[in-house]
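Comments concern the structure below.
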Ligand code: PNS
């Protein structure tokens, strides 16, 4: 069985992430969306909130589940029995960072492979950072995130 993980911070989940999840879930047998609990990183949404937002948006995808992890991705993959990492590439600027992570993980465990999906052109500009920047000024984020998240994001900025 091909079990893959799509890891990330998902702070917050965007249309770009959802598109990746939908497409990756068609390629592998089981896709785990792995939410990074990074205590050093100041996240807008708590780990529980991020996991619950992803569960909400993936409830109709039968081969997708959501986990969270703290520490090394390769360690978490051993725990859940996944050996494929899925990441999205938006532009050439992503490449340098992504190739470094992919190679590091492969050196750590040669059984682990990373596959890259090119982001849907529609969302190639989009990132969680952009969403937060727009929301912090009360800007329109309706093209970036599902409708049911908009108010939740604004409320973090008292908007
Ligand atoms: O959405 P992000 O924040 O770009 O995701 C980055 C992520 C979670 C893939 C990466 O930071 C990660 O795997 N962190 C876990 C710690 C780890 O394994 N680091 C080694 C890779 S060099």
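Each value in this text was obtained by applying a stated rule to the coordinates, not by laboratory testing. Keep in mind that what you see is a predicted model, and the values were worked out from it rather than measured. When we count neighbours, we look across all protein chains shown, and the Cβ atoms used for this are built from the backbone with ideal geometry, even at glycine.
Please give the per residue volume of the convex hull enclosing the alpha carbon atoms of the chain, rounded to a whole number of Å³.
112 Å³
Round to a whole angstrom and tell me the spacing of the C-alpha centers of region 38-98 and region 1-25.
After rounding, the separation between the Cα centres reads 7 Å.
Pairing the Cα long axis of helix 15-27 with the longest principal axis of the chain, what angle in degrees results, from 0 to 90 and rounded to the nearest 10?
Between the helix axis and the principal axis of the chain, the angle is about 30 degrees.
Please work out how much length the chain gains when fully extended from residue 93 to residue 59, using 0.36 nm per residue of separation minus the C-alpha to C-alpha distance, in nm with one decimal.
Full extension of this stretch gives 9.0 nm more.
Angle, helix 92-108 long axis vs. longest principal axis of the chain, Cα atoms, 0 to 90°, nearest 10?
Long axis of 92-108 versus the principal axis of the chain: about 40 degrees.
Could you tell me what a quarter of the Cα convex hull surface of region 72-124 works out to, in nm² with one decimal place?
Projected area, direction-averaged: 3.8 nm².
If R0 is 35 Å, what FRET efficiency do you get for residue 136 and residue 39 from their C-beta distance, rounded to 0.05?
0.95
Mind checking the angle between helix 147-156 and the chain's longest principal axis? C-alpha axes, 0 to 90 degrees, to the nearest 10.
The helix 147-156 is inclined about 70 degrees to the chain.
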